[in-house]
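J.: Okay, here's the structure, questions in a sec.
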Amino acid sequence: MINQNTTSYANLDLRKQIYMECKSMANFALAKGKPVPADTIKSIEIFEDRSPTGNEESAPPHIRREIDITALVDAHDLLTRLIEPATPQTVLLLYVEQKTETVLRFLGPVSLVRQLMLAAVLSLLIFITLMASPFISGSKLAEDVLTADGIEQLARLIFYVSAAGLGASFTALYTANAYISKGTYDPCHQSSYWIRFLLGIIAGLLLSLLISEKSIQEDGMLSKGIIRPLLAILGGFSADLLYTFLNRMVETFKSLFEGSSQNMLDAKAQESKAKLAELEVERKMHLTQNLIQMQQQIGAETDPDQIKQQLNEILQSLMQSK
């Protein structure tokens, strides 16, 4: 099989992109046992350039340009709905990767998965190698890293980094595999997997260094020295764990000097409610006084004009009080 480079499909013009996506989606749908209309297959085959310099195995492909593209666009729309929830971009990527010669194909269907698999295998080898070394033991891991020096301290740090790498590669591979299985993997997000991988390593290393084993293990349920490697793996699996830990520490330190922001907001809300309640009481008392005054002023008056004049004066005083 002729070697193909997946990057050659990254800069296809619009006609070639539609054609390649249609061809890959048709193969995908037929392989999944989905009914593909014969007219759709014919529309795709019409664009294949069968001349000696035309549709060869090398990429990018050559297609006929003198044909109206409307039928191909209609086929693309039909196939896109047929393979849902998979996307044309993912199906094309898998189609191209299948034609790419590499000795690491058994590690995964796309290059990102193969790279993450290598990172996971490397982390595992380092983890096992250091676990069997004399620098790593339950009693030594239970101690603070700063108590060691030289090669022993370096071995512990690398051990924690490898443990964090195991957790980070596990969650990255699990997430990528879920998207690939659904056919919704987007190669544009490839860098985000490596960002989360590095964040996981940093989070796992810092958690294993910052948190003491004695602060967690009190009942003796876990083996001695297992807390720090476990924290490294958990930090690698979820970098949010370190973010939450550091955020709580910052919030705690802030509360020592100025109180937590939530408490300050609650206090301001209570103060505003108290002021509103006080104003409401004053308004009701003022209204009661005006009513009493109205009753006293009216008294035994029977002249309608006089009563009307007194009511107008009281109403004007009420409006002015508001």
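J.: Taking helices (runs of 4 or more DSSP H) that fall entirely within the stretch 77-165, which contain at least 2 residues that are at pLDDT 90 or above?
T.: Filter on the stretch 77-165 gives 88-98, 111-131.
This table checks each residue for (1) crowded, with 17+ Cβ neighbours inside 10 Å; (2) under 22 Å from residue 238 (Cβ atoms).
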{"residue": "79", "(1), (2)": "yes, no"}
{"residue": "87", "(1), (2)": "yes, no"}
{"residue": "93", "(1), (2)": "yes, no"}
{"residue": "99", "(1), (2)": "no, no"}
{"residue": "123", "(1), (2)": "yes, yes"}
{"residue": "142", "(1), (2)": "yes, no"}
{"residue": "161", "(1), (2)": "yes, yes"}
{"residue": "167", "(1), (2)": "yes, yes"}
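J.: Here's a follow-up. Please identify the pairs in which a residue from the stretch 141-165 that is in the same structural domain as residue 119 (by the TED database) and more than 16 Å from residue 206 (Cβ to Cβ) has its Cβ atom under 6 Å from the Cβ atom of a residue that is open to solvent by 60 Å² or more (accessible area, probe 1.4 Å) and among the hydrophobic types (A, V, I, L, M, F, W, C), counting only partners at least 6 apart or on another chain.
T.: Correct list of pairs: 152/135; 155/135.
J.: Here is a further query. Is it the case that some residue within the stretch 253-270 is assigned to a helix (DSSP H, G or I), under 30 Å from residue 202 (Cα atoms), modelled with pLDDT of 75 or more and among the aliphatic types (A, V, I, L, M)?
T.: The answer is no, given that none of the residues of the stretch 253-270 is assigned to a helix (DSSP H, G or I), under 30 Å from residue 202 (Cα atoms), modelled with pLDDT of 75 or more and among the aliphatic types (A, V, I, L, M).
J.: Can we say residue 65 is assigned to a helix (DSSP H, G or I), open to solvent by 80 Å² or more (accessible area, probe 1.4 Å) and in the same structural domain as residue 18 (by the TED database)?
T.: Answer is no for this residue.
The values are calculated or read from the model by the stated rules, or taken from the named source; none is laboratory data. Keep in mind it's a predicted model, so treat the numbers as computed, not measured. Neighbour counts run over all protein chains shown; Cβ positions are idealised from the backbone, glycine included. With ligands, DNA and RNA removed, areas are computed over all heavy atoms of the protein, side chains included. Shrake-Rupley method; radii C 1.70, N 1.55, O 1.52, S 1.80 Å.
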